[in-house]
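Each reported figure results from applying straightforward, stated rules to the coordinates on display, with no laboratory input. Just so you know, these numbers come straight off a predicted model, no measurement behind them. Note that each Cβ is placed from the backbone with ideal geometry, even for glycine, and that neighbours are counted across all protein chains shown.
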Amino acid sequence: MTDSTFTPRVFSGIKPSGGLTLGNYLGAIKRWVDMQDGETETIYCAVDLHAITVWQDPTGLKAGTREIAAGMLASGIDPEKSILFNQSQVPEHTQLAWIFNCVARLGWMNRMTQFKDKAGKNAEKASLGLYAYPSLMAADILLYHATHVPVGEDQKQHVELTRDIANKFNNDFGVDFFPVTEPVIEGPGTRVMNLRDGTKKMSKSGESDMERINMLDDADTIAKKFKKAKTDPDGIPETLDGLNGRPEAKNLVDIYSGLADMTAEAVVAEYAGAGWGKFKPALAELAVAKLAPISDEMKRLMDDPAEIDRKLARGAERAREIATPILEKTYDIVGLLR
C-alpha cells in the first residue's frame, strides 16, 4: 500500500510538560508553520494525555497546555489553516489506542528505547501508561490517516512502530485501511542540543536554566544565555567538516542555521575564521530578533486563557469531524457491535 491511496495529511504534537524551548521551536513548530501553507492538511496537537504518563501537577498541566497552544499560535500556526487542539478533548485517541494495544506485540514495545531511558533502573515502578504510550502515539497519528509525521530523530522509532501497527492491522483484517505513515526529518536545527553540554538534547527538564532557551525568555535573557554558552578554544572552521567532534560548536552553528534559514555550510562560509567573541553576539542578536516577538505574543495570548481555550475547543470539534468516522470504521472492521 502506498501513501498515494490517502489524502496527504500531517499530524504532529508536543507534550505540555515544563514549558516550550528553542528545541521545540526549531525542531518542530517552525517547520509546522511552513507546512501549513502547502497542499497537505495539517493537524497539530498538545498531547496532554502523553504528559500524564508521569505524574503532573493538575494546575501546572492546564497552564502548560495553554502555553503550548500560545507558543504555536504566536509562532504562526493559523487555526484557520491548521487544526489545533489538545489531545484529551478528542476521546477517539484513547479509544483507538486500546484497539492498537491489542494489535501491537510485547516484543515491539520492549524495543522502545525511550521507555528504557525514562524508566531507568526503576522500570518496575514506572506507570503502565509510560510503557504503552507508543501505542497511543500510533493512535494519535492513524486516527487521522496521517500520511506524514514531522519528528525529531529521537522519535523516529515511534513512527516505525506506527508503521508496524498499521501493517499488522491491515494484514490481520485483510484491509487497506490505515496508511503506512512516513516520518519527515529534515532541515537545519532539527535537533537542538544543550547550551552547556552539546552531547545532550536541549530539555525542558534540565538541571540549569542556562542550558536552554525558553520561548518565554525575554531579550536580555536570550542574549545572556548565548553569550555564556559553552564553546571550545577553536573558532568557526573553514569547512563544515571542521565541526566534527566539536558538539558545542556544531550546536551553535546549527542553531544559527535554523534561525536564519541558512544551511550550516552557508553559516560556516560566512563566519569562517571568526572567533566566538564575534559569532556568539551575532547569534544572540539573531535569536532575539526572531524569538522576542514570539515571546511577547505568547505572553499576550496567555493573559487571555479563555481565548486559548476557545481556539482549542474549536480545533477539537474539527479534529473529531475527521476522527469519528475513522474510529467507527475501525470498530466495524474489528467486529465491535455498535
Checked the range 130-179 against the a/c 1.5 cut and the a/b vs b/c comparison, axes a ≥ b ≥ c from its Cα gyration tensor; verdict prolate
In order over the range 198-213: 3J(HN,Hα) from phi, Karplus 6.51/-1.76/1.60, θ = phi - 60°, whole Hz, x for each Gly or Pro, gives x, 8, 10, 5, 4, 10, 5, 9, x, 5, 10, 5, 6, 8, 9, 9
With a 25 Å threshold on alpha-carbon distance, the violating pairs from LYS201/LYS224; LYS62/LYS156; LYS30/LYS224; LYS15/LYS201 are LYS62/LYS156
Zone reached by a paramagnetic label modelled 7 Å from ARG191 Cα along Cα→Cβ, restricted to the range 133-160 with backbone N below 14 Å, covers 151-158
Fewest-first ordering of TYR131, TYR144 by Cβ atoms within 10 Å yields TYR131, TYR144
Rounded to the nearest Å, the spacing of the alpha-carbon centers of the range 191-226 and the range 251-314 is 12 Å
Taking 0.36 nm per residue of separation between LEU106 and ARG246 and subtracting their Cα-Cα distance, the length gained on full extension comes to 46.5 nm
Ordered by fewest other Cβ atoms within 10 Å, a rough proxy for footprinting exposure, TRP55, TRP98, TRP32 read TRP55, TRP98, TRP32
Residue span GLU328 to ASP176: 0.36 nm per residue of separation minus Cα-Cα distance leaves a gain in nm of 53.2 nm
For the chain, the longest principal axis of the Cα atoms and the Cα long axis of helix 305-334 enclose an angle in degrees, to the nearest 10, of 40 degrees
Per the rule of 0.36 nm per residue minus the C-alpha distance, extending GLU321 to ARG338 adds in nm 4.3 nm
Computed on Cα atoms only, the convex hull of the chain has an orientation-averaged projected area in nm² of 18.1 nm²
So the FRET efficiency between LYS228 and THR5, C-beta based with R0 = 56 Å and rounded to 0.05, is 0.60
With Cα coordinates, the longest principal axis of the chain makes an angle with the long axis of helix 92-101, in degrees rounded to 10, of 80 degrees
Taking Cα atoms only, helix 156-173 is inclined relative to the longest principal axis of the chain by an angle, in degrees rounded to 10, of 10 degrees
Classified through the alpha carbon gyration tensor (a ≥ b ≥ c as square roots of its eigenvalues; rounded if a/c is under 1.5, else prolate when a/b is larger than b/c, else oblate), the range 230-285 comes out rounded
Within the range 76-99, the residues whose backbone N lies under 20 Å from a label point placed 7 Å from the Cα of GLU39 along the Cα-to-Cβ direction are 81-83
For CYS102, CYS45, ascending order of other Cβ atoms within 10 Å (fewest first) is CYS102, CYS45
